[in-house]
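Accompanying notes for the structure given below.
The values are calculated or read from the model by the stated rules, or taken from the named source; none is laboratory data. None of these values were measured; they are calculated from a predicted model. In this analysis, Cβ positions are derived from the backbone assuming ideal geometry, glycine residues included, and neighbour counts consider all displayed protein chains.
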Ligand code: RI2
C-alpha cells in the first residue's frame, strides 16, 4: 500500500502494482515491461504543477511498484532505467523524458529476448528434449528460435506447484508445435534420463553466478547434475542483481499459505505450520551455462559482465 505521506498515484499505476502483487502479471520480463509502462502512464496523467512535485510523484510511483514483489530484480532494474533518465527543467519535459525512457526500455527488452533466444537455440540440437520448470518467456524464446531454425524439439514440462505455471508453458509450447509431456514436479528425476537439457529462466542472477528461480529449480539442478544432464539458464541481463556485487543477498519472496492449502483443508488437517517460499537459489556449480542477449556465459564469469553493466553499485532513484 502507498505510504500516507506519498502523493496520490494514477489508477493505471495502482492497477499495475496490484496485478504484479497478485501475480496476474507475472514472469520477471513481463513484470519489468509492465512497471515501465505504468511509470509512463503516471507521467502522462500527472497533475503535478511543479517539477519538484512531478519528481516526488514519480519516486512515489517507483516505491509503490518496488514494494510489490521482492525477488525479481527486473522490477527495480526497470525503475532504475526509467527514473534514472527522468530529466528536464519543465513538467512537460520531465513527462516526455519518462515516456521516452519507458518506450526505449520496452523495446530493449523485446530485442534482448529475441537475441537471447538465438543464442539459446544454438545450444539445442535437432531432436533434443528439454525439461522445463515454471514458465519463463526467456526460456521459451530459446525453444521458439530453435523451432524457427527448423529443429524438432520436444518438452517434458513440470507442472510447478503451487501455482502450476507449467500449464502456461505447456500451452505456449503447443502453440509452437512442440510435443509436450506434462509431469508432476516429483516425477522430474524419473524422466531426466530422457532429457538433453534442463532449460529454466531466472528471476535474479547473483554476482557469484547463483540463479534465483522458482522454488524447485535447485533440486532439479542437483538431480540433473547427478544424471549428467546439462542445465541451461535463459536470463536477460536485466535479471542481474546489482546489489549482490556489494555483498547483499537476494530476498526470497514468501507467498500466502493459502496457495498450498485451503483454509478448509488446513482446519481438517489440524494445527500445522505452512511455509510457501516462491523461489530458491541454485549454486553456480550446478549450472552449465547462463544464456543472455550478450552471449552465453559460465556462471562464474557473470560477475565481470555485471561490473561492466552496473559498475560497483546501483542507484535507487525511487529513494532519493
Ligand atoms: P521470464 C517466474 O516467476 C519464474 O520463476 C520464471 O522462471 C521467471 O519468472 C522468469 O520469467 P513468477 O513470476 O522473465 O512466476 O523469463 O513467480 O518470463
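Taking the criterion of being surrounded by fewer than 21 Cβ atoms within 10 Å (Cβ to Cβ) and under 18 Å from residue 30 (Cβ atoms), the only residue of the range 81-103 that qualifies is 103. Of 146, 188, 141, all but one fail to be more than 11 Å from the ligand (Cβ to nearest atom), buried (at least 21 other Cβ atoms within 10 Å of the Cβ) and either closer than 26 Å to residue 239 by Cα or not assigned by TED's automatic domain parsing to the domain that holds residue 252 (or both); the exception is 146. Return a yes/no flag: does the range 263-274 have any residue that is at pLDDT 95 or above, outside the structural domain of residue 67 (by TED's automatic domain parsing), closer than 25 Å to residue 217 by Cβ and touching a helix residue (DSSP H, G or I) at 6+ places or on another chain (Cβ under 6 Å). Checked against the condition, which is being at pLDDT 95 or above, outside the structural domain of residue 67 (by TED's automatic domain parsing), closer than 25 Å to residue 217 by Cβ and touching a helix residue (DSSP H, G or I) at 6+ places or on another chain (Cβ under 6 Å), the range 263-274 yields at least one hit.
Against the numbered list (1) part of a loop (DSSP other than H, G, I, E, B); (2) surrounded by 19 or more Cβ atoms within 10 Å (Cβ to Cβ); (3) over 22 Å from the mean Cα position of the chain (by Cα), residue 314 comes up short only at (3). Restricted to strands (runs of 3 or more DSSP E) entirely inside the range 170-259, those with at least 1 residues that are in contact with a helix residue (DSSP H, G or I) (Cβ under 6 Å, 6 or more places away or on another chain) and either closer than 12 Å to residue 279 by Cβ or at pLDDT below 95 (or both) are 197-200. The helices (runs of 4 or more DSSP H) located wholly in the range 28-101 that include 3 or more residues which are touching a residue at least 40 places away in the same chain (Cβ under 8 Å) and within 16 Å of the ligand (Cβ to nearest atom) occupy 28-44, 74-83.
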